[in-house]
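Below you'll find the structure, written out as structure tokens, and then a few comments.
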Amino acid sequence: MSTPPLVDVVVVGAGLSGLTAARRATQLGLTTRVYEAADRVGGRVWSTTVAGVHVDLGGTFVGPGQDRIVALAAEVGVSLYDTYDTGANVVRWRSQVKRYRGTVPPLGAALLDVARIQATIERAARQVPCGRPQDAPGAAALDAQTLGGWLRQQHASRTARDLFDLVSRTTWGCDADHVSLLHVLHYIHLCGGLSSMLDTAGGAQESHFVQGSHEVAVRVAEQLGDAVRTDEPVTRIDWDDDGALVHTDRGSCRARRVVLAVAPTMRRKIRFNPELPAAHEQMAQRWPGGVLSKAYAVYETPFWREQGLSGQGLSDRGPVFITFDASPHQSREGVLLGFVGGPQGRAWDELPEAERRVRALASFADLYGPKALEPIGYIDQKWGADPWTGGGPCAAPSAGAVVPYYSHLATPVGPLHWAGTETADRWSGFMDGAVRAGERAAVEVLRSISTQADSTQADPTTEGAPA
Amino acid sequence: MTWRREHTELTTASRDAVWRRWTTASAWVEDDPSLAAAELPSDLRVGSRGTVKNHGTPRQTITFTRLVPGRAMEFVINLPLARLSFPHSMTETEHGLQVTHAVELRGLLAPLFGVLVGNGIARGLPEVVRLVVTNALAERAGSAPATAEQGDRAGS
């Protein structure tokens, strides 16, 4: 039986974070191998072609401050274009359809209350230290409640609560009643505030990639060449302080260090020998992925633009509750992107494809008129049903799951290091966070290997052989 | 004086399956989370009477006023100086079957009852219509009916 090959770093997961970690590790002179369970790279970024038009099925937008993903994209030749943002937005709220400008829809007297809640959240978010939410003043109390519970405690109006439910569904893939308030505040702080997180112009939805976000992952994987193994889930990792033996169904690979670039909940799919500290297992259980789906309808033209509409819409009716104009760059076709999530999203995910299509198109028609019922192409992506990403768009820890477990997200265990957007110190939950986390993990691994090498040289009794 | 609210869903469910949900007492309880019980006569016809009981309220008598198989159904509940009716209709379109449930109040006290009971019923309409069409689809597929937990509670 031959000895398994040895590399400096095995990366588990070929999403943007894992690929970035492998790319940066390679640039730092380390040998790498990347194992990806799915039959494609990209993780939570993916794309396809519908009626000849490119659509991003996963992570789509980037904005100011997200300089790491933008830099990576530029390095591999993927360019940006602005999200269409001209004209009026549209909202369907309490059975009425209205046009509006800006981020906050015209909700009558409730608007003052929405502004009050937004200001209170922004203030509270600034008190949560980036990367150390457990050290925030009153962290345990903040973590003990959900965003929804806190909104009720603040006597937020029904409209404000419903609006923040939509924000919660889009951002964490769950309703406000299901996500820790401390996590919400920390997440907002990592984004630089609510406006930065939610806005199109000047915010995180400002731009798209011309070739698609998935193309960034594809091109990085191409650079890594044979080091990337898709359709090869890691089943077990034997580890000790010196290194690890990483097993898949096709074989094993020895590594000085391992970077696990998978969503927190997906860490449970791998057997560790010896087992990880108990808090890691608990964290993986209590940081589940959200449930968010995306529906794309491709039209002969972006007909809503002719009506003076931007394609950005909001609806309390569902199943689609937020829309964007995701039309390709310099193309005659129009594309409407709709987000489906929350309890209604879970029910929608269960429906047959034809019914999902009809209901999504009916939602588009609610906002943009009957022409929306006549696309030339349609596709949807149910991230909650994806077997290897653990849901989407990112983890949604419930009340009480941040203070005890946050520190375990990214703290190495022996030779095991952690990446993935959830571990990022800025823009966690976004593509930018994924890239930042991958870069951090690569540097962390290099330092760890260098430190080990130094101590091995200093101590001639140490063999220095990996597991 | 008329007060009316309605909700429409577009669906791939069949007319027959939706019609069965509209005319089967056990389906009413599955499709409307606010209902604790429903009793309908087996040979439904215009003028037939049944009973419905919402959670935490007394049983009420309903009277069917319109039954057009595969198209429309309506029943009413008589209130003091007002009549509460529930028109149901479905229309085949080129994009799918449009299923509409409405709540309507007529009479002198219609505006008052609209505020007292109509708004609450109207808020629940989206969930009910979605459950009706989802369970009609499930009937075709032979799976178990959806429940309020699986469906959307936001409208209730």
Stretch gain in nm, segment A:LEU6-A:ALA385, where the contour uses 0.36 nm per residue and the Cα spacing is subtracted: 133.0 nm
Just to be sure I understand the model, the point goes 7 Å from the Cα along the line to the Cβ. What's the resulting A:GLU281 to A:ALA71 distance in nm? 4.0
Please report B:ASP31, A:ASP177 as a ranked list, fewest other C-beta atoms within 10 angstrom at the top and most at the bottom. A:ASP177, B:ASP31
Can you grab the distance from the C-alpha centre of the range A:123-137 to the C-alpha centre of the range A:355-403, Å, no decimals? 31
Expressed as an acute angle from 0 to 90° and rounded to the nearest 10, what is the orientation of the C-alpha long axis of helix B:119-141 relative to the principal long axis of chain B? 20
Under a 5 Å amide H to amide H cut-off, with H placed in plane at 1.01 Å, what residues pair with A:TYR299 once short-range neighbours are removed? A:GLY334, A:VAL335, A:LEU336, A:ILE376
Which values, in whole Å and largest first, are the semi-axes of the equivalent ellipsoid of chain B obtained as the square root of 5 times each eigenvalue of the Cα gyration tensor? 24, 17, 16
Separation between the A:GLN307 and A:ILE376 pseudo-spin-labels, each 7 Å from Cα along Cα→Cβ, expressed in nm? 2.0
What spacing in nm lies between the two simple spin-label points modelled at A:ASP39 and A:LYS98, each 7 Å away from Cα in the Cβ direction? 4.9
Could you pull out every residue, at least 5 positions away or on a different chain, whose amide H is within less than 5 Å of the one on A:ARG94? Hs are placed 1.01 Å off N in the peptide plane, and Pro or chain starts have none. A:ASP316
Can you sort B:ARG130, A:ARG286 from fewest to most other Cβ atoms within 10 Å of each residue's own Cβ? A:ARG286, B:ARG130
Hey, fewest Cβ within 10 Å first, where do A:SER213, A:SER180 land in order? A:SER213, A:SER180
The computed P(r) of the protein assembly as shown puts the percent of Cα pairs beyond 34 Å at 48
Give, as a single signed number, the net charge of other residues whose beta carbon lies under 13 Å from the beta carbon of B:SER26, with Lys and Arg counted +1 and Asp and Glu -1. -3
I want to make sure I understand the PRE zone here: with the label point 7 angstrom from the Cα of A:GLN223 toward its beta carbon, which residues in the range A:28-67 have backbone N atoms less than 13 Å away? A:28-29
Can you work out the FRET efficiency for the pair B:ALA72 and A:HIS155, with r the C-beta to C-beta distance and R0 = 35 Å, to the nearest 0.05? 0.20
Say a paramagnetic label sat at a point 7 Å from the Cα of A:GLN330, along Cα to Cβ; which residues of the range A:292-308 have their backbone N under 14 Å from it? none
What residues of the range A:379-419 lie in the reach of a label at A:ASP242, counting those whose backbone N is under 20 Å from a point 7 Å from the Cα along Cα→Cβ? A:413-417
Sites excluded, GluC sites (Glu not before Pro) in DSSP loops with at most 10 other C-beta within 10 Å, longest stretch of chain A: A:1-274
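Every read-out reported here was derived from the displayed coordinates using simple, explicitly stated rules and does not represent laboratory data. Owing to the predicted nature of the structure, the values given are computational and were not obtained by experimental measurement. Cβ atoms come from the backbone with ideal geometry, glycine included; neighbour counts cover every protein chain shown.
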